[in-house]
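J.: Have a look at the structure that comes next, please.
The values are calculated or read from the model by the stated rules, or taken from the named source; none is laboratory data. It should be emphasised that the depicted structure is a prediction, and the values quoted were computed from it without experimental measurement. Cβ: placed from backbone, ideal geometry, glycine included. Neighbour counts: every protein chain shown. Protein only, heavy atoms only, side chains kept; ligands, DNA and RNA dropped before computing areas. Shrake-Rupley method; radii C 1.70, N 1.55, O 1.52, S 1.80 Å.
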Amino acid sequence: MDKKQVAAVLEEIAALLELQGENPFKSRAYLTAARAIEAAEQEPADLVETGALRDLKGIGEALAEKITELVRTGRMRYHEEQKAKVPPGLLELLRIPGLGPKRVKVLYERLGVSTLAALEAACREGKVAGLEGFGAKTQENILKGLERLRSHAGRVLLAEALPLALELREALGRHPAAQRVEVAGSLRRRLETVKDIDLIASATDAAALMRTFTTHPLVAEVLAAGRTKASVRLQTGTQADLRVVADTELPFALHHLTGSVEHNVAMRSRAIARGLKMNEYGLFEGERRLACKDEAAIFERLGLACIPPELREDLGEIEAAERGAIPVLVEEEDLTGTFHCHTTWSDGLSSLEEMAAAARAMGYTYLGIADHGEAAKYAGGLTRQQVAEQHAAIDRLNATFRGFRLLKGIEADILADGSLDYDDETLARFDYVVASVHSGFTMDAKSMTARIVKAVSHPRLTVLGHVSGRLLLQREPYAFDLEAVLQAAARHGVVVEINANPHRLDLDWRHHRRARELGVLLAINPDAHSTEGLRHVSYGVGAARKGWCTKADILNARPLPEVLAFLARRKAA
Ligand code: DGT
Ligand code: CA
Ligand code: ZN
């Protein structure tokens, strides 16, 4: 069992306990354990065998025994006992935003609702609005949630599909018959969520590659397998398709399968305007296929500079390529450090030392620590006393480093009235201040906009964190006027974060251009809660590239002295 599978079982137990109205601390313990397993350096089997399981934060003796049983036998009696006590459909209901275990319990006990279909019917009949603690507004939100659940159906996070795609690519690429193997589709364009995995390959023996694909250990079920095309369902439920073509056709097939559809359509019209024909098999002049060794050659044939896959959304990239104005997009190697990381001082799982070591291993010259502010009690927010202690700890560590330093930041809470959760004097002690909304998501758009604009106008604020509050496939952004917030950020010289956590990717890439136009500087922040979380910056870089960002647009792509100068100027303002 891998980490994800173990964590999923623990999370399910937490939900089952809550549904039964058990003590919340009991279910919280399972959630904490799930996060600890996910963040652990070792695989679950190694954790069990070496006994390291018991050393993980939040895993006591009893829990360790249950997890050991699960990892060794693939099942846990306790899990099955809890499952047997709850109607199976109730877990499904929890996927609707706004429906926690307490409400699901009420729906079941009062209306006998235990499936999504029954819930929809009960809402349509107006029965849900009448329940105590629900009301017409909640009923309407549940219907919206059901609708969204349907429209998301089958999509998964980029971060869930990409590692699987790369593993398949790697396995196919190792086969001696393989020539070129590429990941295509929305994954290659680094879209934040994807429907499926599209793979394209050229090979001297297509059948051999097909066999490697359909018999791969990640595959649960073969949906279709022809001579040059196969579809499978992976263990995770995601579908993966492989197409094998001749090597001369590969660039055309790769371009076609990368898309987007809109980009492809625009490229085809361009070919037609030049007396050519373009499709997934080639670029044709009459009957003759024009030879193109790679995608760059295809673009060149059409009078275009090569367009990076992330830009292929028909949002002006073809016009830019015609003018030779495709920007040099930011790359992960450009990042010199990052600003939004949590540690064991608040709700993180890795210590200051561990985070610093991981950042140095990534080649960073600084790492900004931004644990939670005092108001975030649920996340171990730092009291003023703890802030002073953490700063002393950072000073001690910094004295031991050469060519690297930890920066003293904080992720302050933006309170309901737009103020921050420390007094000005405390805020002035940090090298910089990130501030984010973590509560009161349901206020009306006008109040929410005023709240964030007020925070952005705070002279001590440096970076606005996860601007919209969205959780991909789970929670919509809160209602607010993004344009007004971006304008305020520009006016006050506040940096806007591209939160790189794969569940967030917030600021959305679709708004990066507007932010730049207004003169807003961006920063790519992992919002890491462990050393592994630091790796999420790669998804932030993907988003920034989709947003046409260059190195110059990203604060943490500047050398440390410039970053420090920026922070110092900001503090003096
Ligand atoms: P997804 O899977 O919904 O996350 O997004 P894509 O872009 O990966 O879409 P998918 O998997 O349906 O198709 C892969 C690519 O194949 C797509 O980006 C462009 C190309 N393609 C699919 N259908 C069409 C079409 O009707 N016309 C053209 N020109 N290209 C298409
Ligand atoms: Ca796709
Ligand atoms: Zn946050």
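J.: After finding the eigenvalues of the alpha carbon gyration tensor for region 156-247, what semi-axes result from the square roots of 5 times each, listed largest first in whole Å?
T.: Listed largest to smallest, the semi-axes of region 156-247 are 20, 14, 11 Å.
J.: Restricting attention to region 229-301, which GluC sites (Glu not before Pro) occupy a DSSP loop and are surrounded by at most 14 other Cβ atoms within 10 Å?
T.: Here the GluC sites (Glu not before Pro) that fit, given the DSSP loop and packing criteria, are Glu287.
J.: Which one, Ala379, Ala117, Gly418, is farthest towards the positive end of the dipole of the chain when Lys and Arg carry +1 and Asp and Glu -1 on their Cβ?
T.: Among Ala379, Ala117, Gly418, the one farthest towards the positive end of the dipole of the chain is Ala117.
J.: Here is a further query. Could you name the lysines in cross-link range of Lys229, using Cα to Cα under 17 Å and dropping any fewer than eight places away on the same chain?
T.: Correct list for Lys229: empty, as no lysines qualify.
J.: Separate question: For the modelled label position 7 Å from the Cα of Asp424 along Cα-to-Cβ, which residues of region 538-573 have backbone nitrogen atoms closer than 15 Å?
T.: Label zone hits: 571-573.
J.: Turning to a different aspect of this structure: For Tyr30, what accessible area in Å² do you get when you roll a 1.4 Å probe over the heavy atoms of the protein chains, rounding to the nearest 10?
T.: 10
J.: Right, next: What fraction of the Cα pairs in region 12-167, stated in percent, has a spacing above 26 angstrom?
T.: Of all Cα-Cα pairs in region 12-167, 43 percent lie more than 26 Å apart.
J.: Mind checking which aspartates and glutamates have their Cα closer than 17 Å to the Cα of Lys102? Skip sequence neighbours fewer than 8 apart in that chain.
T.: Answer for Lys102, where 17 Å is the Cα cut-off: Glu11, Glu12, Glu18, Glu22, Glu92, Glu132, listed by chain and number.
J.: Can I ask one more? Over the Cα atoms, compute the radius of gyration (one decimal) and Dmax (the largest Cα-Cα distance, rounded to a whole number) for region 419-573, in Å.
T.: Spelled out, the Cα radius of gyration and Dmax of region 419-573 are 14.8, 42 Å.
J.: So, one more: Using all Cα-Cα distances in region 214-307, what percent lands in each 5 angstrom bin from 0 up to the longest?
T.: 3, 13, 20, 19, 14, 11, 10, 7, 3, 0
J.: Probe 1.4 Å, all protein chains in place: accessible area of His492 in Å², nearest 10?
T.: Taking all protein chains as shown, His492 has close to 60 Å².
J.: Still on this model: Between Gln487 and Arg402, what is the label-point separation in nm under the 7 Å Cα-to-beta-carbon projection?
T.: Using points 7 Å along Cα→Cβ, the separation is 5.3 nm.
J.: Sticking with this one: Check each of the trypsin sites (Lys or Arg not before Pro) in region 428-525 and keep only those in coil by DSSP with at most 16 other C-beta atoms within 10 angstrom; list them in order.
T.: For trypsin sites (Lys or Arg not before Pro) across region 428-525 that sit outside H, G, I, E and B with at most 16 neighbouring Cβ atoms in 10 Å, the list reads Arg429.
J.: Still on this structure: What are the semi-axes of the equivalent ellipsoid of the chain, taken as the square roots of 5 times the eigenvalues of the Cα gyration tensor, listed largest first and rounded to whole Å?
T.: Semi-axis lengths for the chain are 39, 33, 26 Å.
J.: Still on this structure: Which order do His255, His458 take by accessible area at a 1.4 Å probe, largest first?
T.: Heavy-atom accessible area, descending, gives His458, His255.
J.: Shifting gears a bit: Can you find, among Ala392, Leu349, Ala159, the residue farthest towards the positive end of the dipole of the chain? Put +1 on the C-beta of Lys and Arg, -1 on that of Asp and Glu.
T.: Ala159
J.: Would you tally the net charge around Glu562, using a Cβ to Cβ cut-off of less than 12 Å, leaving Glu562 out, and scoring K and R as +1, D and E as -1?
T.: +3
J.: If you put +1 on each Lys and Arg Cβ and -1 on each Asp and Glu Cβ, how big is the dipole of region 214-323 around its Cα centre, in Debye rounded to 20?
T.: 380
J.: Tell me the relative contact order for the chain as a rounded percent, counting alpha carbon contacts under 8 Å between residues six or more apart.
T.: 10
J.: Quote the relative contact order of region 332-572 in percent (integer), defining contacts as alpha-carbon pairs under 8 Å separated by 6+ residues.
T.: 20
J.: Please give me the summed charge of the neighbours of Ala359: other residues whose Cβ is under 13 Å from its Cβ, Lys and Arg +1, Asp and Glu -1.
T.: Taking every other residue near Ala359 into account, the sum is 0.
J.: Please tell me the relative contact order of region 156-247 in percent, rounded to the nearest whole number, where contacts are Cα pairs under 8 Å and at least six residues apart.
T.: 27
J.: Mind putting a number on the dipole of the chain about its Cα centre? Charges go on the C-beta only, +1 for Lys and Arg and -1 for Asp and Glu, and I need it in Debye to the nearest 20.
T.: Result for the chain is approximately 820 debye, rounded to the nearest 20.
J.: Take Phe441, Phe299, Phe284 and sort them by solvent-accessible surface of the protein heavy atoms, 1.4 Å probe, largest at the top.
T.: Descending order: Phe441, Phe284, Phe299.
J.: A further question on this structure: Just to confirm the filter: which GluC sites (Glu not before Pro) across region 130-214 are DSSP coil and have at most 15 other Cβ within 10 angstrom of their Cβ?
T.: Those that pass, being in a loop and sparsely packed, are Glu132.
J.: Looking at region 156-247 only, what percent of DSSP beta bridges run antiparallel? Nearest 5 please.
T.: 70
J.: So, one more: Looking at the chain only, what percent of DSSP beta bridges run antiparallel? Nearest 5 please.
T.: Bridges in the chain are about 50 percent antiparallel.
J.: Just to be sure I understand: of the beta bridges DSSP finds with both ends in region 332-572, what percent are antiparallel, rounded to 5?
T.: Bridges in region 332-572 are about 10 percent antiparallel.
J.: Note down the nm distance, to one decimal, between modelled labels 7 Å out along Cα→Cβ at Glu80 and at Arg174.
T.: Taking the simple label geometry, Glu80 and Arg174 are separated by 3.4 nm.
J.: Just to verify a number: what accessible area does Lys137 come out at with the full protein assembly present, 1.4 Å probe, Å² rounded to tens?
T.: Its heavy atoms expose roughly 140 Å² to the probe.
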